[in-house]
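**Q** Dumping the structure here so I can ask a few things about it.
The values are calculated or read from the model by the stated rules, or taken from the named source; none is laboratory data. Everything quoted here is computed from the prediction, not taken from an experiment. All Cβ positions, glycine included, derive from the backbone under ideal geometry; neighbour counts span all protein chains shown.
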Amino acid sequence: MHETFLFKKILQYLEKEEKAASRAIKRIHVTLSEFGGLSKEHFLEHFRESDRGHRWDGVRIEFKKIPYGPEFEITKIEFSVKKLRGQP
């Protein structure tokens, strides 16, 4: 239940960033803490489940492990060169 709420918030954040950039997201960089409860596989499972059939279905997610720190953090978002549909 906690993960469902958390990943919905992540998708809202990505939507906001994509809209602000007027560009489609092509890659997301995520750091995962060694001591956190999320593995790469667990993160991907929840991300794909939350985004099933939506716009980031094929987005690449790059992971980096850190020895300590927040459980996970989105550290960088890369955008495509193409503008979003309907954007000037």
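**Q** Hey, can you tell me all the residues within the range 23-37 that are touching a residue at least 60 places away in the same chain (Cβ under 8 Å) and more than 18 Å from Lys76 (Cβ to Cβ)?
**A** Hits for the range 23-37: nothing passes.
Every residue, every condition in (1) of a type outside the set (Asp, Glu); (2) out of contact with any Pro (no Cβ under 8 Å at 6 or more places or on another chain), yes or no:
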site	(1), (2)
Glu3	no, yes
Gln12	yes, yes
Ala24	yes, yes
Arg27	yes, yes
Gly36	yes, no
Leu44	yes, yes
Arg52	yes, yes
Asp57	no, yes
Tyr68	yes, yes
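**Q** May I pose another question? Being of a type outside the set (Asp, Glu) and over 13 Å from the mean Cα position of the chain (by Cα): is that true of Leu84 here? Talk me through it step by step, then tell me what you get.
**A** Working: of a type outside the set (Asp, Glu): yes; over 13 Å from the mean Cα position of the chain (by Cα): yes.
Considered against the rule, which asks whether it is of a type outside the set (Asp, Glu) and over 13 Å from the mean Cα position of the chain (by Cα), Leu84 comes out as yes.
**Q** Here is a follow-up. Residues that are surrounded by fewer than 12 Cβ atoms within 10 Å (Cβ to Cβ): list the strands (runs of 3 or more DSSP E) wholly contained in the range 1-86 that include at least 1 such residues.
**A** By residue number, 60-66, 72-83.
**Q** Let me ask you something else. Would you point out the residue of the range 68-81, among those that are under 11 Å from the mean Cα position of the chain (by Cα) and not aliphatic (A, V, I, L, M), that is farthest from Ser22 (Cα to Cα)? Spell out how you get there, then give the answer.
**A** In the first step, residues of the range 68-81 are kept if they are under 11 Å from the mean Cα position of the chain (by Cα); the result is 72-78.
Filter again for not aliphatic (A, V, I, L, M), leaving 72-73, 75-76, 78.
On the way: Phe72: 26, Glu73: 23, Thr75: 19, Lys76: 16, Glu78: 12 Å.
Ranking the qualifying residues of the range 68-81, first place goes to Phe72.
**Q** Within the range 60-80, can you find the residues that are among the hydrophobic types (A, V, I, L, M, F, W, C) and farther than 14 Å from Leu38 by Cα?
**A** Ile61, Ile77, Phe79
Every residue, every condition in (1) touching a residue at least 40 places away in the same chain (Cβ under 8 Å); (2) among the polar types (S, T, N, Q), yes or no:
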{"residue": "Lys9", "(1), (2)": "no, no"}
{"residue": "Lys16", "(1), (2)": "no, no"}
{"residue": "Ser39", "(1), (2)": "no, yes"}
{"residue": "Leu44", "(1), (2)": "no, no"}
{"residue": "Arg48", "(1), (2)": "no, no"}
{"residue": "Tyr68", "(1), (2)": "no, no"}
{"residue": "Phe72", "(1), (2)": "yes, no"}
{"residue": "Glu78", "(1), (2)": "yes, no"}
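**Q** So which of Ile66, Ile28 is among the aliphatic types (A, V, I, L, M) and more than 17 Å from Leu84 (Cβ to Cβ)?
**A** Every option except Ile66 fails the conditions.
**Q** Would you tally the residues in the range 43-67 being modelled with pLDDT under 90 and over 11 Å from the mean Cα position of the chain (by Cα)?
**A** 7
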